[in-house]
Every structure is written in structure tokens, then in C-alpha cells.
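Please read the structure below before turning to the comments.
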Amino acid sequence: MEKYPGYLRKPFYYETDKMGIIHHSNYIRWFEEARVDALTFMDYPFEKIEAEGIMIPVLGVSCNYKEMVRFGDEVLIKPIVTKYTGTRLDFDYAVYHDEKLVTTGSSQHCFMSYETNRLIQLRKTHPKLHELFLAYYETTNKDN
């Protein structure tokens with residue numbers, strides 16, 4: 001699998017606070033945008049996953065702010081899979097502005113069936129998607 005280059009994002013004015021700095025709550029949304037973009041990059045968009053009856057709920061999320069991001073800055077968000085078991089999927093995020101690390105974060109997820117609301121094991125229920133996540137995990141952890 002080709003390595004995912006990351007998600008380029010230019011903040012919108014409405015995402016800023018009174019000081020012109022990106023409000024802290026927006027980073028969590030950016031993490032989600034990067035995850036969804038990575039799925040599209042893998043040619044398995046989120047819509048396809050949902051159409052196959054899979055939901056990927058967020059179990060936890062965290063964010064650490066190292067530098068401020070302001071309106072007009074362009075950031076590159078790199079979602080890195082740190083754990084993949086077939087039932088669980090954990091990400092770390094690195095947000096860069098001008099090649100400088102400005103924010104880090106993480107999120108934890110699981111795979112569930114829309115039909116049963118129960119945990120599923122992708123290896124058994126959706127082997128193609130399992131192989132894609134496994135390849136993404138291996139690709140994002142090569143240089144990290």
C-alpha cells in the first residue's frame with residue numbers, strides 16, 4: 001500500500017476564538033476529517049463501510065497543544081494507526097504547520113455491527129477491510 005501523505009487543512013475563520021487562534025475543540029473534528037480522508041485514500045470510503053453495516057464508534061480521544069494555529073495557516077494532519085487488532089483501531093495524530101509539529105492527539109475506536117450493536121471481528125466478517133487496515137497499520141508504522 002502506498003503511504004498516506006496526510007490531510008491538508010486550511011482553518012476556517014469560524015474555527016477561531018476571539019484571539020484569532022483556532023479553538024481547541026476543532027482539532028478533534030480535524031482528526032475525524034483526517035481519518036475519513038485516509039479511508040478515501042485507501043479506496044474504501046466511510047460511506048462504503050457504513051453501507052456494509054459497520055460502525056466505528058469513538059471510544060476515547062485526547063489532544064495536546066504545542067503551538068498555536070491561526071486563521072490562514074495551513075496544517076498537515078497525519079493519522080498513524082498505533083494499534084489494530086481486527087476489533088480495535090487506535091490512532092495517533094501529528095499536526096504540522098510549516099513542517100513544525102504543533103499538535104498531537106490520539107483516538108481509540110472499535111468495530112460494531114449496525115444490525116446487532118455488537119463488536120465484530122473484521123478478519124471474519126469483512127476480510128478485505130481487515131487487510132486494508134492491516135496494510136495501513138504496517139505502512140504508517142514503518143518510519144514512526
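Quick notes on this structure:
- Stokes-Einstein D (µm²/s) once Rh is taken as the Kirkwood radius of the stretch 20-59 over alpha-carbon pairs, at 20 °C in 1.002 mPa s: 187
- Solvent-accessible area per residue for the chain (1.4 angstrom probe, square angstrom): 57
- Estimated from helices alone, the mean residue ellipticity of the chain at 222 nm is -8000 deg cm²/dmol (sum of -39500 (n - 2.57) over DSSP H runs with n ≥ 4, per residue).
- Which of VAL58, HIS24, VAL75, positive extreme of dipole for the chain (C-beta unit charges): VAL58
- Distance cut-off 15 Å, percentage of C-alpha pairs in the stretch 1-83 lying past it: 64
- The chain - charge dipole about Cα centre, Lys and Arg +1 at Cβ, Asp and Glu -1, debye rounded to 20: 340
- Charge tally in the Cβ shell below 9 Å around THR104, where Lys, Arg are +1 and Asp, Glu are -1, THR104 excluded: 0
- Computed over the Cα atoms of the chain, the ratio of the radius of gyration to the Kirkwood radius (Rg/Rh) comes to 1.00.
- FRET efficiency, 1/(1 + (r/R0)^6) with R0 22 Å, evaluated for ASN141 and TYR65 via beta carbons: 0.35
- Listed peptides 5-12, 101-108 by packing density, highest first (mean Cβ within 10 Å): 101-108, 5-12
- Taking the C-alpha atoms only, the angle from helix 26-41 to the longest principal axis of the chain is near 50 degrees.
- Range of Cα positions in the stretch 60-144 per principal axis (Å), largest first: 43, 28, 18
- Ordering THR87, PHE133, PHE41 by Cα displacement along the dipole of the chain toward the positive end leaves THR87 in first place; charges were set at the Cβ atoms of Lys, Arg (+1) and Asp, Glu (-1).
- For the residue pairs LYS18/LYS100; LYS10/LYS83; LYS18/LYS48, alpha carbon separations beyond 32 Å are given by LYS18/LYS48.
- For THR82, the residues whose amide H sits under 5 Å from its own are ASP90, PHE91, ASP92, ignoring neighbours fewer than 5 places away on the same chain, with H placed 1.01 Å from N.
- Measuring gaps between exposed loop sites in the chain (GluC sites (Glu not before Pro); DSSP loop; at most 15 other Cβ atoms within 10 Å), the longest gap, sites not included, is 3-51.
- Apportionment of accessible area to carbon and sulfur, the chain, percent (1.4 Å): 52
The values are calculated or read from the model by the stated rules, or taken from the named source; none is laboratory data. Just so we're clear, the structure is a prediction, and the values are computed from it rather than from any experiment. Because the Cβ atoms are built from the backbone with ideal geometry, glycine has one as well, and the counts that use them run over all protein chains shown. The area values use the complete protein model at the heavy-atom level, side chains included, leaving out ligands, DNA and RNA. Shrake-Rupley method; radii C 1.70, N 1.55, O 1.52, S 1.80 Å.
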